[in-house]
Amino acid sequence: MNRGGETIQVRIASDAGGIRLDRALAQSVADVSRERLKALIAAGNVAEASGLATRDPARKTQAGEVFSVTLPPPTALANEAQDIALNVVFEDAHLIVIDKPAGLVVHPAAGNLDGTLVNALLHHCAGQLSGIGGVARPGIVHRIDKDTSGLMVAAKSDRAHEGLARQFAVHSIDRRYRAIVAGRPNPAAGTVDAPLGRSPANRKKMAVVESGKRAVTHFRLIRPLRDAALVECRLETGRTHQVRVHMASIGHALLGDPVYARTKSGHRAVLENLGFRRQALHAAHLGFVHPANSIALSFESELPDDMAQLLDTLNV
């Protein structure tokens, strides 16, 4: 949760003497990020025992020094809080895990200024959101596409925001997707290690490009289907459209994908009969270490009804 409108007294610990002020304060002030503390120092919100403000975050501290840190209330985010139903899988003071339905955009952007997951979280978590940078906001540390369903985690405290962001940065988050793809992978398991970047032919699409960022997807066959397959894709990295592009690059595009698939007539008929109008991709598993208590958390989500129906229709 955010902490605002209070002044905290901090005594520099014996083992923190000689290090930067922003770093020393971050070790003592729970749930406030080092970046926010740096901004507070620069704004004159950190004072020495004499009452004199210190504005240098790189100032070296001495063991036993006392500082007062004034935390102004985070300013409101410009986005509107909206009462949108959420399927909450887990929630505590630091974070919230959501099972996102297909069709829900994660973050407001051109063309989707409201009705997003961010708008929903602003309402659901009112007064209990990460204030990194001094702005009350849901800590969106990763995203899944609008028409992909499944598990997402968002931070409610600065501590959780930074801790989750670190885990995503070092690729220690366990993310596994279920996808229904064209054809049957052979071999039945493997790894796609191919860099991803903007397509030089269409900047709105991602593609395997030599100059792209490293991207690694591990896949395995779960169930063969009629000219298709249910596969699990485990992400080692998390690039935009990673599963969709990687599977298409090895000849097994996701059924229903409007951007990366060339749908065969047989599959097209099945999709049209079911009214299935999205990529068949579901974030089914999410595992991470809780950033506040170091407990390993693991969550599972069953296939949503539309993918389950598609699976049943394609069963051999």
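The values are calculated or read from the model by the stated rules, or taken from the named source; none is laboratory data. Just so we're clear, the structure is a prediction, and the values are computed from it rather than from any experiment. When we count neighbours, we look across all protein chains shown, and the Cβ atoms used for this are built from the backbone with ideal geometry, even at glycine. For accessibility, only protein heavy atoms count, side chains too; no ligands or nucleic acids. Shrake-Rupley method; radii C 1.70, N 1.55, O 1.52, S 1.80 Å.
Among the residues of region 224-249, which ones are open to solvent by 50 Å² or more (accessible area, probe 1.4 Å) and under 23 Å from residue 172 (Cβ atoms)? Write out each step before concluding.
Let us first name the residues in region 224-249 that are open to solvent by 50 Å² or more (accessible area, probe 1.4 Å), namely 224, 226-227, 234, 236, 239-240, 249.
Matches in region 224-249: 234, 236, 239, 240.
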In region 298-316, the residues that are under 15 Å from residue 286 (Cβ atoms), out of contact with any helix residue (DSSP H, G or I) (no Cβ under 9 Å at 6 or more places or on another chain) and open to solvent by 60 Å² or more (accessible area, probe 1.4 Å):
298, 300
Inspect all residues belonging to region 260-273 and state whether any of them is basic (Lys, Arg) and within 22 Å of residue 100 (Cα to Cα).
no
Members of region 164-209 found to be more than 22 Å from the chain's Cα centre (by Cα), of a type in the set (Ser, Thr, Tyr) and open to solvent by 30 Å² or more (accessible area, probe 1.4 Å), listed by number:
191
Examine region 215-223 for a residue that is free of Cβ contacts under 8 Å to residues at least 40 places away in the same chain, in a strand (DSSP E or B) and open to solvent by less than 10 Å² (accessible area, probe 1.4 Å), and state whether such a residue exists.
yes
Qualifying residue in region 273-296 (condition: farther than 30 Å from residue 167 by Cβ, surrounded by 19 or more Cβ atoms within 10 Å (Cβ to Cβ) and without any contact (Cβ under 8 Å) to a residue 60 or more places away in the chain)
yes
